[in-house]
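Chemist: Below are the structure tokens for one structure; questions will follow.
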Amino acid sequence: MAVEFAQSQTKENLMRAFAGESQARNRYTIAAEEACRKGFYALREVFLFTADQERAHAARFYELLKSEAGCTIQIDGGYPVDQSESLVELLKMAAHNEEEEHKDVYPAFEKIAEEEGFSEAAYAFSQIAKIERIHGERFAKLAQMLQQETYYEQEAGGEWMCLNCGYIFKGAKVPPVCPVCRHERGYFIPACMAPYLGFSNCN
Ligand SMILES: [Fe+2]
Ligand SMILES: [Fe+2]
């Protein structure tokens, strides 16, 4: 049943999504600082990269509220206090929140938007839910690698990229410093997570 946007549940859900994305962005920039303090410079980049995408999500939801410019929208909602000095915990909490958005929150918002007749909002919720799935899986994988100590070591041999100079290291264990730029090992990221490494698969 179509409803006026100003009276809709979707209007409130868009504001909830804007609030949630805005907070996720800040949580990740704060987590990035923690990663940096611990010398995991590549993880800092992963958090910041994801934070920028949360900003983009927030911007899209905010844009869909344009007709309400000048109004204040009251919402209620629960938001997590994801604080820890453990990087594994920070990654796990991030993965959990991403999964919640992907599995529960955005699909529910999408359904309501469909029912209320707001197809653009429904589309945004459905597509951003898919992106959050990727975010969640990435954070979960990183948490697992840190926990199982395969982030810098792979017995059967692995590949890593130094994010400072681009050097690709192949072997069982990332050296303490990059042999090329002499930056510490925290700049290395497992190749499966390295940016722009997939050119050999391009047509
Ligand atoms: Fe997001
Ligand atoms: Fe996300």
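Chemist: So Asp76 fits all but one of (1) at pLDDT below 95; (2) part of a helix (DSSP H, G or I); what number is the exception?
Modeler: Just one mismatch for Asp76, condition (2).
Chemist: Just checking, does the stretch 82-94 include any residue being within 11 Å of ligand 2 (Cβ to nearest atom), at negative phi and not assigned by TED's automatic domain parsing to the domain that holds Ala194? Break it down stepwise before answering.
Modeler: Step one: list which residues in the stretch 82-94 are within 11 Å of ligand 2 (Cβ to nearest atom), which gives 94.
Cutting the leftovers down to at negative phi gives us 94.
With not assigned by TED's automatic domain parsing to the domain that holds Ala194 added as a condition, the list becomes 94.
Yes, there is a match, as at least one residue in the stretch 82-94 is within 11 Å of ligand 2 (Cβ to nearest atom), at negative phi and not assigned by TED's automatic domain parsing to the domain that holds Ala194.
Chemist: Tell me, please, whether a residue that is surrounded by fewer than 13 Cβ atoms within 10 Å (Cβ to Cβ) and of a type in the set (Gly, Ala, Ser) can be found in the stretch 87-105.
Modeler: Filtering the stretch 87-105 for residues surrounded by fewer than 13 Cβ atoms within 10 Å (Cβ to Cβ) gives 104.
Now restrict to residues that are of a type in the set (Gly, Ala, Ser): none.
For the stretch 87-105, residues surrounded by fewer than 13 Cβ atoms within 10 Å (Cβ to Cβ) and of a type in the set (Gly, Ala, Ser): absent.
Chemist: All but one of (1) within 16 Å of ligand 1 (Cβ to nearest atom); (2) surrounded by fewer than 22 Cβ atoms within 10 Å (Cβ to Cβ); (3) among the polar types (S, T, N, Q) hold for Gln9; which doesn't?
Modeler: Of (1) within 16 Å of ligand 1 (Cβ to nearest atom); (2) surrounded by fewer than 22 Cβ atoms within 10 Å (Cβ to Cβ); (3) among the polar types (S, T, N, Q), only one is false for Gln9: (1).
Chemist: Further question: Residues to consider are Tyr106, Tyr123; find the one that is among the aromatic types (Phe, Trp, Tyr), assigned to a helix (DSSP H, G or I) and within 27 Å of Met193 (Cβ to Cβ).
Modeler: On the way: Tyr123 fails: within 27 Å of Met193 (Cβ to Cβ).
Result: Tyr106 is the single residue among Tyr106, Tyr123 that is among the aromatic types (Phe, Trp, Tyr), assigned to a helix (DSSP H, G or I) and within 27 Å of Met193 (Cβ to Cβ).
Chemist: Is it the case that some residue within the stretch 19-32 is closer than 17 Å to Gly186 by Cα and of a type outside the set (A, V, I, L, M)?
Modeler: Within the stretch 19-32, the subset closer than 17 Å to Gly186 by Cα is 31-32.
So of that shortlist, the ones also of a type outside the set (A, V, I, L, M) come out as none.
No: the stretch 19-32 contains no residue that is closer than 17 Å to Gly186 by Cα and of a type outside the set (A, V, I, L, M).
Chemist: Against the definition (within 16 Å of ligand 2 (Cβ to nearest atom), of a type in the set (A, V, I, L, M, F, W, C) and either surrounded by 14 or more Cβ atoms within 10 Å (Cβ to Cβ) or not in a helix (DSSP H, G or I) (or both)), how does Leu146 come out, yes or no?
Modeler: Working: within 16 Å of ligand 2 (Cβ to nearest atom): no; of a type in the set (A, V, I, L, M, F, W, C): yes; either surrounded by 14 or more Cβ atoms within 10 Å (Cβ to Cβ) or not in a helix (DSSP H, G or I) (or both): yes.
Taking the combined requirement at face value, the residue does not satisfy it.
Chemist: Next question, about the same structure. Is there a residue being surrounded by fewer than 20 Cβ atoms within 10 Å (Cβ to Cβ), among the aliphatic types (A, V, I, L, M) and either within 16 Å of ligand 2 (Cβ to nearest atom) or in the same structural domain as Glu184 (by TED's automatic domain parsing) (or both) anywhere in the stretch 39-49? If you could, list the steps in order and put the result at the bottom.
Modeler: Pass one, the stretch 39-49, residues surrounded by fewer than 20 Cβ atoms within 10 Å (Cβ to Cβ): 39, 45, 48-49.
Checking the rest, the ones that are also among the aliphatic types (A, V, I, L, M) come to 48.
Narrowing further to those that are either within 16 Å of ligand 2 (Cβ to nearest atom) or in the same structural domain as Glu184 (by TED's automatic domain parsing) (or both): 48.
Yes - at least one qualifying residue is present in the stretch 39-49.
Chemist: Determine if the stretch 46-53 includes at least one residue that is modelled with pLDDT of 95 or more and farther than 19 Å from Lys141 by Cα.
Modeler: We begin by selecting, within the stretch 46-53, every residue modelled with pLDDT of 95 or more; these are 46-53.
Still in the list and also farther than 19 Å from Lys141 by Cα: 52.
Yes - at least one qualifying residue is present in the stretch 46-53.
Chemist: Being assigned to a helix (DSSP H, G or I), over 12 Å from the mean Cα position of the chain (by Cα) and within 16 Å of ligand 2 (Cβ to nearest atom) is the requirement here; does Arg60 meet it?
Modeler: On the way: assigned to a helix (DSSP H, G or I): yes; over 12 Å from the mean Cα position of the chain (by Cα): yes; within 16 Å of ligand 2 (Cβ to nearest atom): yes.
Yes.
Chemist: Separate question: Please determine whether any residue of the stretch 92-100 is touching an Asp or Glu at 6+ places or on another chain (Cβ under 6 Å), within 16 Å of ligand 1 (Cβ to nearest atom) and hydrophobic (A, V, I, L, M, F, W, C). It would help to see each step written out before you state the result.
Modeler: The first filter runs over the stretch 92-100 and keeps only residues touching an Asp or Glu at 6+ places or on another chain (Cβ under 6 Å), leaving 93, 98.
When the remaining residues are screened for being within 16 Å of ligand 1 (Cβ to nearest atom), the result is 93, 98.
Filter again for hydrophobic (A, V, I, L, M, F, W, C), leaving 93.
Scanning the stretch 92-100, I find at least one residue that is touching an Asp or Glu at 6+ places or on another chain (Cβ under 6 Å), within 16 Å of ligand 1 (Cβ to nearest atom) and hydrophobic (A, V, I, L, M, F, W, C), so the answer is yes.
Chemist: Please tell me if Glu34 is among the acidic types (Asp, Glu), more than 14 Å from ligand 1 (Cβ to nearest atom) and at pLDDT 95 or above.
Modeler: Values: among the acidic types (Asp, Glu): yes; more than 14 Å from ligand 1 (Cβ to nearest atom): yes; at pLDDT 95 or above: yes.
Spelling it out, Glu34 is indeed among the acidic types (Asp, Glu), more than 14 Å from ligand 1 (Cβ to nearest atom) and at pLDDT 95 or above.
Chemist: Another question about this same structure. I need a count of the residues in the stretch 34-53 that are among the charged types (D, E, K, R), in contact (Cβ under 8 Å) with a residue 40 or more places away in the chain and farther than 16 Å from Met193 by Cα. Write out each step before concluding.
Modeler: First, the residues of the stretch 34-53 that are among the charged types (D, E, K, R): 34, 37-38, 44-45, 52.
Those still in the list that are in contact (Cβ under 8 Å) with a residue 40 or more places away in the chain too: 34, 38, 45.
After this cut, where a residue has to be farther than 16 Å from Met193 by Cα as well, the list is 34, 38.
Adding up the residues that qualify gives 2.
The values are calculated or read from the model by the stated rules, or taken from the named source; none is laboratory data. Keep in mind that what you see is a predicted model, and the values were worked out from it rather than measured. A quick note on method: Cβ atoms are made from the backbone with ideal geometry, for glycine too, and the neighbour counts reach across all protein chains shown.
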